[in-house]
1. Filter region 1-24 down to residues that are among the charged types (D, E, K, R) and surrounded by 14 or more Cβ atoms within 10 Å (Cβ to Cβ) and give me whichever is farthest from residue 90 (Cα to Cα).
2. Please verify whether residue 33 is more than 14 Å from residue 81 (Cα to Cα), touching a residue at least 40 places away in the same chain (Cβ under 8 Å) and either outside any strand (DSSP E or B) or charged (D, E, K, R) (or both), treating the condition exactly as stated.
3. If residue 27 passes every condition in (1) assigned to a loop (DSSP other than H, G, I, E, B); (2) at pLDDT 90 or above; (3) surrounded by fewer than 16 Cβ atoms within 10 Å (Cβ to Cβ); (4) within 17 Å of the chain's Cα centre (by Cα) but one, which one does it miss?
4. Of the residues in region 1-24, how many are part of a helix (DSSP H, G or I) and closer than 11 Å to residue 96 by Cβ?
5. Pull up region 86-111, narrow it to residues that are touching a Lys or Arg at 6+ places or on another chain (Cβ under 8 Å) and either small (Gly, Ala, Ser) or assigned to a loop (DSSP other than H, G, I, E, B) (or both), then point me to the one that is modelled with the lowest pLDDT.
Amino acid sequence: MRGAELVGCRVFDRDGREVGHVHDLVFRRIPPRRDGDPPRFDLIGLECGKQAIGDRLGYVRGTMAGPWPLPGLFRWLARRSLVAEWSDVASIERPRIILRKRREELAHSIDFIP
């Protein structure tokens, strides 16, 4: 499965309540096995709910600092976006993704630490 196949899918919690659409994927970089190996990444989460463009631009978890009103605005907007850990995905029945957790158990985008 390609990551692009996940983006746009509707995510539901274990009780059948909609969490939102997948609008971004969260990856973790894996250290290379040997010098010269290409970089590798693991999918660790699905960002869903309200879109958080500020996260993509580096304002939420990155180092972007200005112009002055943007960091605060993007962090505030990111609170409406949730991250479902990849390990919490129970099934993928495109275009639906079912989770093992309730919506309330998911981390807010701004609080999620990969």
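The values are calculated or read from the model by the stated rules, or taken from the named source; none is laboratory data. Bear in mind the structure is a predicted one, so any value in this text is a computation, not a measurement. Heads up, the Cβs are rebuilt from the backbone with ideal geometry, glycines too, and the neighbour counts pull from every protein chain shown.
1. Looking at residues that are among the charged types (D, E, K, R) and surrounded by 14 or more Cβ atoms within 10 Å (Cβ to Cβ), I get 24.
2. no
3. Only one criterion in (1) assigned to a loop (DSSP other than H, G, I, E, B); (2) at pLDDT 90 or above; (3) surrounded by fewer than 16 Cβ atoms within 10 Å (Cβ to Cβ); (4) within 17 Å of the chain's Cα centre (by Cα) is unmet by residue 27, namely (1).
4. Residues in region 1-24 being part of a helix (DSSP H, G or I) and closer than 11 Å to residue 96 by Cβ: 0 in total.
5. Checking each candidate, the answer is 109.
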